[in-house]
Amino acid sequence: MNQRRRGVPFLAFLLAGLIAYLGLAYFRADGELAELQNRSAQARTRLRQAQEEKQTLNLKIEQLNTDRYVEKVARENLGLAKPGEIPYLVGKARNNQEYGNNNPGN
């Protein structure tokens, strides 16, 4: 009977150690799961933002490929005009030298 008493505390100690190990493993896995869920949420947010940016850029590409936009750029940035049109530049002069007038009194 004496040996039986010695076996019970050892078995209880072994069982307590196993429970402690499993508990720590559970909490570690739970922490890793929370971290993975956080990273997954961040990745979904970045994906959503990238998809929105892609949609915006696709719309911009569609606009840039229209004849109306090409004509606008040709007129505004390049100063081109259709045959028979006379282009006019409208703006405020910074100084008299822009108009070839070197006389500061005028």
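Values quoted throughout were computed directly from the atomic coordinates according to the rules given, and no laboratory measurement underlies them. Only a predicted model underlies this, so the values are computations on that prediction, with no experimental measurement involved. Heads up, the Cβs are rebuilt from the backbone with ideal geometry, glycines too, and the neighbour counts pull from every protein chain shown.
Taking 0.36 nm per residue of separation and subtracting the Cα-Cα distance, full extension of the segment from LEU18 to ASP30 would add 2.5 nm. Convex hull volume of the Cα atoms of the range 26-74, normalised per residue: 46 Å³.
The calculated FRET efficiency for VAL73 paired with GLU53, based on their beta-carbon distance and R0 = 22 Å, is about 0.45.
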